[in-house]
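My questions all concern the structure below.
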Amino acid sequence: MKGATLYISSKNYSSWSLRGFLLARLSGLAFEEKVVSPDDPSNRAELLLQSSSIRIPYLAHGDVVVWDVLAIAEYLNEVFPEARMLPADPKARAHCRSVAGEMHSGFAALRGSLPMNLKLFRPDFTLWSAVRADIGRITEIWRECLETWHGPWLYGERPTIADAMYAPVVTRLRTYDVKVDPVCEAWCQHILAWPDLREWWAAAQREPEQIEELDIEF
């Protein structure tokens, strides 16, 4: 099959693009990146949560084009089974798919109130009750995984689709100075040390683009 290209949005603002990147790296796929400008109307609408669907990132792999991060994850898992992007144990695999799906479809308050922005730090940021509820559920998922499969990743010794799906939440917690319990904090530190995430974060700092609506000051 011919080469692969991952089309992404802003590295500073786009949590979905980060997920796509981590999934592609996790699979072992050799790919190049192409950035779709934040000034593109459809891309900007997605970044500002004004779009009904998320079409960036998308992966072009030979004559296959796949978008939506869960579809990308499942495609890569099929093409590169040796990467073990899902746990080997059927119970863990079902659980991993479930929590990845919950991240994909849920937590609207977190998304809307704490947009991803890797260049910002907002100490003592006010969290409304709906956001606290989202964070409470997310950390409940993390604790359950870590207590059941014993870390350091959510499902044991190897990163999975679920780690890639929840990694952008860790960046949000750092941006808005959100404190979590020690078990979850240890996992957050592990995710922040993930070389692929560190590479992405460093590249985000070099981005010149700014979207004023996402550089919030409140």
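Just so it is clear, none of the values below were taken in a lab; they were calculated from the coordinates. Note that the coordinates shown come from a computational prediction; the quantities given were computed from them, not determined experimentally. Cβ atoms come from the backbone with ideal geometry, glycine included; neighbour counts cover every protein chain shown.
Report relative contact order for the chain in percent, whole number only (criteria: Cα-Cα under 8 Å, sequence separation at least 6).
24
Let me ask something else. Amide H to amide H under 5 Å from Trp153: which residues, 5+ apart in sequence or cross-chain, H placed 1.01 Å off N in plane?
Close amide H contacts, sequence-distant or interchain: Arg158.
Next question. Count the lysine pairs in the chain whose Cα atoms lie under 26 Å apart, taking only pairs 8 or more positions apart in sequence or on different chains.
Number of lysine pairs found: 7.
On average over all directions, what projected area in square nanometres does the chain have, based on the convex hull of its Cα atoms?
11.5
What 222 nm value per residue comes from the helices of the chain, counting each DSSP H run with n ≥ 4 as -39,500 (n - 2.57) and dividing by all residues, nearest 500 deg cm²/dmol?
Counting only the DSSP helices, I get -16000 deg cm²/dmol.
Give me Asp177, Asp68, Asp124 ranked fewest to most by other Cβ atoms within 10 Å of their Cβ, as a rough exposure proxy.
Arranged by neighbour count, lowest to highest, Asp177, Asp68, Asp124 become Asp124, Asp177, Asp68.
How many Å³ per residue does the convex hull of the Cα positions in region 117-218 occupy?
Convex hull volume per residue, Cα atoms: 106 Å³.
Assign unit charges at the C-beta atoms only (+1 for Lys and Arg, -1 for Asp and Glu), then state the dipole size of the chain relative to its Cα centre in Debye, rounded to the nearest 20.
Around 240 debye, computed over the chain.
Let me ask another. According to a simple spin-label model (label point 7 Å from Cα along Cα-to-Cβ), what is the distance in nm between Lys91 and Val64?
For Val64 paired with Lys91, the spin-label model returns 3.1 nm.
Out of all DSSP beta bridges with both ends in the chain, state the antiparallel percent to the nearest 5.
65
Please list, by residue number, every one of the GluC sites (Glu not before Pro) in region 129-184 that is coil in DSSP and has at most 10 other beta-carbon atoms within 10 Å.
Here the sparse-neighbourhood loop sites are Glu157.
Within a 10 angstrom radius of the beta carbon, how do Thr160, Thr5, Thr139 rank from fewest other beta carbons to most?
Thr5, Thr139, Thr160
How many nm separate the modelled label positions at Arg132 and Ser105, each set 7 Å beyond the Cα in the direction of the Cβ?
Simple spin-label model gives 2.8 nm for this pair.
Quick one: compute the contact order of region 90-201, relative version, from alpha carbon pairs under 8 angstrom and 6+ residues apart, as a percent.
Reported as a whole number, the value is 34 percent.
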